[in-house]
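FYI, it's all coordinate maths here, none of it is from the lab. None of the values given here were measured: they were computed from a predicted structure. Virtual Cβ from ideal backbone geometry, glycine too; neighbours counted across all protein chains shown.
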Amino acid sequence: SIGRLPAEEAWSGSYWDGLNLRIEAVPDPGYRFTSWSGGATSSDRVLQLDPAGGLQLTANFEVDASGQSALVITEIQYNPAGPEGEWVEVHNAGAQDVDLTGWVLGDGTATLALPSLSLAAGGHAVLCQDRAGFETVFGSSCTGDWTFSLSNGGDLVQLVTPTGIVADSVRYSDASPWPSEPDGAGYSLALVDHRSDNALASSWRPSRYPGGSPGGPNVVLTNTEASAVPMALEVQIYPNPVGPSGELSALVSMPQGGKLGLEVFDVLGRRVFETGLTVVPAGLHPVTGIRLGSAAGVYLVRLTLDGQPIHAVPVIRTQ
């Protein structure tokens, strides 16, 4: 890719005779590709060329007055641990508002056509699979509902203009070098910097907190934090308060392994929910599908390890 390719991902060496090179021009936010010059003359962003005999190319860019090329896919929740459903965040990195009416978000096979929607300069828009579930968890709105499902093992996410031009696309995976934490552990897949090339796995990290940061700047885990065994027990319950669904999730950071269990009690001390004991190693462990009682009020979520209580968190259910 000719653009923001990190030095550590550059390559030099021998190449196969007769096998074409794939070369792509990647514009910075706020710019658009216009043409190639030098060894090839074309307005196609992607070229397939035979490098035999040497090749010199220049990728030409210009300021995008429409603002369309300033839109960047910055966060993807493709396998949520809670009831919020899948969602994708789009950031306007340009200096002017962009009208998204008639734009399409898709995975290459199915799409979501966006309604009347304007994205302010520097702002974020969240496009979602389940508006009701999202609003229950985050208390904020999103644009949806889309009818397709993003693959947990890897998929394509595309943002397409009304004229059929792909403004941005990301093909993610849960296999190395992509981070694996977003695949069901509660984290989102978050772009470290909106100016980086979001086609590269090295530009993405897990969100620092379960659930991600839809609609705002990304905060991510560092490589050290993601791989380290927790030094102390930490339990995160979300959402809290809980809406009418009565369903929540937990992310448990465990410094040691054992038989992990979870129970929920109402204010009268009655157990209204419990999981079976599950043998888990030290590390991060999501617990999904936790149910509160049907009545509004305060509940106690209690965790046990090897049959002994280790942590309790009060949770409020609203009606």
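Going from the fewest other Cβ atoms within 10 Å to the most, the residues T58, T288 appear in the order T58, T288.
Amide H contacts of F61: T34, each under 5 Å away and 5 or more positions distant or on a separate chain (H built 1.01 Å from N in the peptide plane; Pro and chain starts excluded). For the stretch 165-180, 3J(HN,Hα) computed residue by residue from phi via the Karplus equation (6.51, -1.76, 1.60; θ = phi - 60°) reads 7, 6, 6, 7, 8, 9, 10, 8, 8, 9, 9, 3, x, 6, x, 9 Hz, glycine and proline entered as x.
Once C-alpha pairs closer than 8 Å and six or more residues apart are averaged by separation and normalised to the residue number of the chain, the relative contact order reads 12 percent. For the stretch 234-317, a/c is not less than 1.5, where a ≥ b ≥ c are the root eigenvalues of the C-alpha gyration tensor, and a/b tops b/c. That puts it in the prolate class.
Counting every other Cβ atom within 10 Å of each residue's Cβ, S116, S203 order from fewest to most as S116, S203.
Take every pair of alpha-carbon atoms less than 8 Å apart whose residues are at least six positions apart; their mean separation over the length of the stretch 234-317 yields a relative contact order of 34 percent. Computed from phi, the 3J(HN,Hα) profile of the stretch 299-309 under the Karplus parametrisation 6.51, -1.76, 1.60 (θ = phi - 60°) reads 10, 10, 9, 10, 9, 10, 10, 6, x, 10, x Hz, with x in place of Gly and Pro.
Summing charges over all other residues whose Cβ lies under 13 Å from the Cβ of G108, with Lys and Arg as +1 and Asp and Glu as -1, gives -1.
Pairwise Cα distances in the chain exceed 30 Å in 43 percent of cases.
Each of Y172, Y15 was scored by other Cβ atoms within 10 Å of its Cβ. Arranged with the fewest first, they read Y15, Y172. When only the Cβ of Lys, Arg, Asp and Glu is charged (+1, +1, -1, -1), the dipole of the stretch 68-226 relative to its Cα centre reaches about 200 debye.
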